[in-house]
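The values are calculated or read from the model by the stated rules, or taken from the named source; none is laboratory data. Everything numeric here is computed off the predicted structure, so don't read it as measured data. Backbone-built Cβ (ideal geometry, glycine too); neighbour counts: all protein chains shown. These accessible areas exclude ligands, DNA and RNA; they are computed on the full protein's heavy atoms, side chains included. Shrake-Rupley method; radii C 1.70, N 1.55, O 1.52, S 1.80 Å.
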Amino acid sequence: EVTVVVSNNTNANALKIAEQMLIPNFIINDKKYPNENIDEKIANLFFEFKCDYIFCSGYMKIIGSKLISSFEEKIVNTHPALLPSKYGGKGMYGRFVHEAIIENNEKKSGVTIHFVNEKYDDGRIILKKELELLDDETVDSLENKIKDLESIAIIDAFKKLLA
């Protein structure tokens, strides 16, 4: 059950979907709360809504130590490549990952679902799903395949966590 949606992006599509589904949703960022500890504010919301797991989708910032320590191995992220690899870490997200994979003529790519720690794409891996690249693979075709694979991987990861 999704109990709350939090975004730092005022234009996040997830906020609109949450609103339509009557799920409480919040925008929390430095612009809206310039003099507050954002990390603590988000952690307090997750405590208030009794979140068992936190799923990051498109969250592009390092998660702070308060949140990490409060929800150790409860914060889950998806990465659009196989980790650990040179396609993880700072600056390696979304289309940048796919461009690098195509440029390096890789034969495989995939999705990694992992726990979040204080380093980009470094947490313990929950599961990976991979796919073979076609000889004529493009950044766009790979991006679409990875998005489809992520949808499956996210569900499989939560089934594994909740089993």
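What the table below lists for this structure:
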{"read-out": "Count of the stretch 93-115 residues which are open to solvent by less than 90 Å² (accessible area, probe 1.4 Å) and modelled with pLDDT of 95 or more", "value": "15"}
{"read-out": "Considering residues of the stretch 137-163 that are of a type in the set (A, V, I, L, M) and open to solvent by less than 60 Å² (accessible area, probe 1.4 Å) only, the residue farthest from T78 (Cα to Cα)", "value": "V139"}
{"read-out": "Residue list for the stretch 15-44, restricted to those being in contact (Cβ under 8 Å) with a residue 24 or more places away in the chain and within 16 Å of K61 (Cβ to Cβ)", "value": "N37, I38, D39, E40, I42, A43"}
{"read-out": "Only listed residue being open to solvent by less than 30 Å² (accessible area, probe 1.4 Å), on the phi < 0 side of the Ramachandran plot and in contact with a helix residue (DSSP H, G or I) (Cβ under 6 Å, 6 or more places away or on another chain), chosen from I38, I28", "value": "I28"}
{"read-out": "Residue match in the stretch 123-136 (condition: under 21 Å from V2 (Cβ atoms) and surrounded by 18 or more Cβ atoms within 10 Å (Cβ to Cβ))", "value": "yes"}
{"read-out": "Identity of the residue in the stretch 2-23, closer than 23 Å to I68 by Cβ and assigned to a loop (DSSP other than H, G, I, E, B), that ends up most open to solvent (accessible area, probe 1.4 Å)", "value": "V2"}
{"read-out": "Test: T78 is out of contact with any Leu (no Cβ under 6 Å at 6 or more places or on another chain), closer than 19 Å to I152 by Cα and hydroxyl-bearing (S, T, Y)", "value": "yes"}
